[in-house]
Amino acid sequence: MRRVLILGGTAEARELARLLHADPRFAVLSSLAGRVADPRLPVGEKRIGGFGGPSGLAAFLAADGVDVLVDATHPFAATISRNAALAADAARVPLLAVVRPAWSPGAGDRWTRVPTVRDAAALLGERDGGRAMLTTGRQDAHEFAALDDWWFLIRVVDAPSGPLPRRHELRRDRGPYTLDSERALLRENSVDVLVTKNSGGDLVSAKLAAARELGVEVLVVDRPARPSGVPEVPTAAAAYAALA
């Protein structure tokens, strides 16, 4: 048996765990960071919590007898991906990354791309105000707290712990979302600007199609740089094929 550790928390990680769990050639362990209170759990063996940085992860790889490390974390989990690359190198364990393709604008899209969530907040702060929908996650909502001229619809899985804008509505929800529901949400809340990270994938992409239909501007936060030299595949199926 090959021992595979999946750094997960994504749909791709859960699908890869399912494929490996059904294959007797592999023993799979999925690791979740523990940042979501009620995460969707993969099949098979799992652990929740951090490793203590790259040195802690390297020690775990050696102690647990891991043969292959798979980074199937969120495209914006830059610290975890960086730690995975450092740990795999230190422990001399092969590393494979599952990186879902990024979204790209099409005909009719009104995209404005920014490097970070903070840059998105700064751009809104330069304007006279309006109504915005935030889908950047609970850890970044505080970046918009000082924008008193704006009203925000903040959609998150878990409630943010930091300061929030003075005028906002908090909506706790989890995808996948449909085009009809996203279109209705933007219309009912008279959203002028949608703020999103370029997460990629199909689970939450309907908001982009709805924004296109309604002529809503989208502030798209670009992905952080990934570690160099790490082999990448776009899907769980491709990762399974490579491991098999």
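Just to confirm the filter: which trypsin sites (Lys or Arg not before Pro) across the range 139-213 are DSSP coil and have at most 16 other Cβ within 10 angstrom of their Cβ?
ARG166, ARG167, ARG174
Please list MET133, MET1 in order of solvent-accessible area, largest first, computed with a 1.4 Å probe with all protein chains present.
Values: MET133 5, MET1 165 Å².
Correct descending sequence by accessible area is MET1, MET133.
For the chain, what does the helix formula give at 222 nm: sum of -39500 (n - 2.57) over DSSP H segments with n ≥ 4, over the residue count, nearest 500 deg cm²/dmol?
Here the helix-only value at 222 nm equals -8500 deg cm²/dmol.
Once you have a ≥ b ≥ c as the square roots of the Cα gyration tensor eigenvalues for the range 14-74, tell me rounded if a/c is under 1.5, and otherwise prolate or oblate according to whether a/b is larger than b/c.
oblate
Just the accessible area per residue of the range 24-105, please: how many Å² with a 1.4 Å probe?
48 Å²
Which one, LEU124, TRP151, THR10, projects farthest toward the positive side of the charge dipole computed for the chain from Cβ point charges (K/R +1, D/E -1)?
With unit charges placed on the Cβ atoms, the residue in question is THR10.
Could you rank VAL204, VAL36, VAL117 by how accessible they are, 1.4 Å probe, largest area first? Mind dumping the intermediate values first?
Working: VAL204 40, VAL36 60, VAL117 10 Å².
Accessible-area ranking of VAL204, VAL36, VAL117, largest first: VAL36, VAL204, VAL117.
Ignoring everything but the protein chains, give the 1.4 Å probe accessible area of HIS168 in square angstrom, nearest 10.
We get 70 Å² for HIS168.
Taking the Cα centre of the range 111-221 as origin, sum charge times position over the Cβ atoms of Lys and Arg (+1) and Asp and Glu (-1), and report the length of that vector in debye to the nearest 20.
200 debye
I need the per residue convex hull volume for the chain, using only the alpha carbons, in cubic angstrom as a whole number. Write out the running numbers ahead of the final one.
Working: hull volume 30.6 nm³, N = 244.
That works out to 126 Å³ per residue.
May I ask you to derive the FRET efficiency for ALA62 and MET1 from their Cβ-Cβ distance with R0 = 25 Å, giving the value to the nearest 0.05?
Here the calculated transfer efficiency is 0.90.
Leaving out ligands and nucleic acids, and using a 1.4 Å probe, what accessible area per residue does the range 111-221 come to in Å²? Mind dumping the intermediate values first?
On the way: 5110 Å² over 111 residues.
On a per-residue basis, 46 Å².
May I ask for the Kirkwood hydrodynamic radius of the range 111-221, worked out over all distinct Cα pairs and given in angstroms to one decimal?
Roughly 13.8 Å, rounded to one decimal.
Mind checking the range 22-98 for trypsin sites (Lys or Arg not before Pro) that DSSP puts in a loop (not H, G, I, E or B) and that have at most 10 other Cβ atoms within 10 Å?
Sparse-neighbourhood loop trypsin sites (Lys or Arg not before Pro): ARG25, ARG92.
Over what distance in Å are the Cα centres of the range 193-207 and the range 94-152 separated?
So the two Cα centres are separated by 10 Å.
Could you tell me what percent of the accessible area of the chain is made up of carbon and sulfur, with a 1.4 Å probe and every protein chain present? Before the final figure, lay out the partial values.
Numbers: 5860 of 11660 Å².
Of all accessible area on the chain, carbon and sulfur atoms account for 50 percent.
Using R₀ = 30 Å, calculate the FRET efficiency as 1/(1 + (r/R₀)^6) where r is the Cβ-Cβ separation of ALA184 and GLU45; round to 0.05.
My answer for the efficiency is 0.15.
I'd like the accessible area for GLU12, computed on protein heavy atoms only with a 1.4 Å probe and all protein chains in place. Round to 10 Å², please.
Looks like 30 Å² after rounding.
The values are calculated or read from the model by the stated rules, or taken from the named source; none is laboratory data. Note that the coordinates shown come from a computational prediction; the quantities given were computed from them, not determined experimentally. Ideal geometry is used to build each Cβ from the backbone, glycine not excepted, and the neighbour counts take in all protein chains shown. Note: accessible area is taken over every heavy atom of the protein model, side chains too, but ligands, DNA and RNA are not part of it. Shrake-Rupley method; radii C 1.70, N 1.55, O 1.52, S 1.80 Å.
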